[in-house]
Amino acid sequence: EVLSLRTKSGKRFLSRALIVTAGHGAFEPRKLEIEGIDDWEGRGLHYFVRRKDVFRGKTCVIVGGGDSALDWTLGLQDTADLPITLVHRRERFRALETSVKEARRLEEEGRVRICVPSEIREIRGDGTIEAVIVENTVTGEQIEVECEALILLLGFHSHLGSIADWGLELHGKRQIGVNPMTMETSLSLVYAAGDVAGYDGKITLISVGFGEAAIAANNAIARIRDEKVQPKYSTD
């Protein structure tokens, strides 16, 4: 029995067994729940700050309440057109208190505009982003804020990506179901180990993942060679 693996680029690999160790899966940034949000990528919408110069002289709206959002609200002070608008859906931030205090101080100087508790409701522009509609979620009041660069720093979420299309039985939504005794999945000769592998009583520790990988490799070799499962000493 031989497995055939094909990549997105069209390359094909043959293997007697496959062990999936994809961690938490693929990570992608969290997005705003606005219809057509993806259409603005490359036209003023950013999920990362890779180079500060990209935002030089631009009116920036940063969305988020964690360290990244506060760090770049402060870090773009010498680059962006001021004030920088910071939008967070809660009153309290999840960032270092020193960063929050500094942002509040800059707000008093007119260098930062803090909108809380608020959310972006609409993006406006002709070809590129020109403004966003910010709504106070308590009062319902909406304001239009000039914006050339909308920077979403909302964190990331994981998913199985293309692995979810392999026909594997899943454990919940983000893990591959395995037999904890052998680490084999619902597909013959396909194993999983680490955070991506799921079963009742699972403990997501690095040490557990190492053990699962050893179990998977040992059982895969035993199946391929049609011999009894017999691990070697770890010192060999």
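The values are calculated or read from the model by the stated rules, or taken from the named source; none is laboratory data. Owing to the predicted nature of the structure, the values given are computational and were not obtained by experimental measurement. Cβ sites come from the backbone with ideal geometry, for glycine too, and all protein chains shown count toward neighbours. Only protein heavy atoms, including side chains, enter the accessible area calculation; ligands, DNA and RNA are left aside. Shrake-Rupley method; radii C 1.70, N 1.55, O 1.52, S 1.80 Å.
Would you tally the residues in region 59-113 being among the aliphatic types (A, V, I, L, M), under 20 Å from the mean Cα position of the chain (by Cα) and farther than 20 Å from E148 by Cβ? Selection size over region 59-113: 2. Quick check, is V87 touching a residue at least 40 places away in the same chain (Cβ under 8 Å) and either surrounded by fewer than 16 Cβ atoms within 10 Å (Cβ to Cβ) or among the aliphatic types (A, V, I, L, M) (or both)? Yes; evaluated as a whole, the condition is true for this residue. Counting only residues that are open to solvent by less than 10 Å² (accessible area, probe 1.4 Å) and in contact with a Phe, Trp or Tyr (Cβ under 9 Å, 6 or more places away or on another chain), region 128-175 holds 5 of them. For A216, the criteria (1) closer than 19 Å to S15 by Cα; (2) among the small types (G, A, S); (3) part of a loop (DSSP other than H, G, I, E, B) hold in every case but one, which is (3).
Taking the condition among the aliphatic types (A, V, I, L, M), part of a helix (DSSP H, G or I) and at pLDDT 95 or above, does A164 pass? Taking the combined requirement at face value, the residue does not satisfy it. D39 meets the conditions (1) closer than 24 Å to S186 by Cα; (2) modelled with pLDDT of 90 or more; (3) loosely packed, with under 15 Cβ neighbours inside 10 Å in every case but one. The failed one is (1).
Among the residues making up region 1-57, those that are closer than 30 Å to F210 by Cβ and among the aliphatic types (A, V, I, L, M) are V2, L3, L5, L14, A17, L18, I19, V20, A22, A26. Cβ-Cβ distances below 7 Å connect the following pairs, each with a first residue in region 50-64 that is farther than 19 Å from R113 by Cβ, a second residue that is of a type outside the set (S, T, N, Q), and a separation of six or more residues or different chains: K52/L76.
Would you check if K31 is open to solvent by 90 Å² or more (accessible area, probe 1.4 Å) and either in a helix (DSSP H, G or I) or in contact with a Leu (Cβ under 9 Å, 6 or more places away or on another chain) (or both)?
Working: open to solvent by 90 Å² or more (accessible area, probe 1.4 Å): no; either in a helix (DSSP H, G or I) or in contact with a Leu (Cβ under 9 Å, 6 or more places away or on another chain) (or both): yes.
No: the conditions fail for K31.
Given the options L74, L70, name the one that is touching a Phe, Trp or Tyr at 6+ places or on another chain (Cβ under 9 Å) and free of Cβ contacts under 8 Å to residues at least 60 places away in the same chain. Walk me through how you get there before you give the answer.
Numbers: L74 fails: touching a Phe, Trp or Tyr at 6+ places or on another chain (Cβ under 9 Å).
Result of the check over L74, L70: L70.
Against the numbered list (1) farther than 20 Å from F156 by Cβ; (2) small (G, A, S); (3) surrounded by 12 or more Cβ atoms within 10 Å (Cβ to Cβ), G57 comes up short only at (3). Residue count for region 191-212, restricted to those that are touching a Ser or Thr at 6+ places or on another chain (Cβ under 8 Å) and open to solvent by 40 Å² or more (accessible area, probe 1.4 Å): 1.
Pairing residues of region 101-123 that are on the phi > 0 side of the Ramachandran plot and of a type outside the set (K, R) with residues that are in a strand (DSSP E or B) and open to solvent by 30 Å² or more (accessible area, probe 1.4 Å), at Cβ distances under 9 Å and at least 6 apart in sequence or on separate chains, gives G110/L82; G110/P83.
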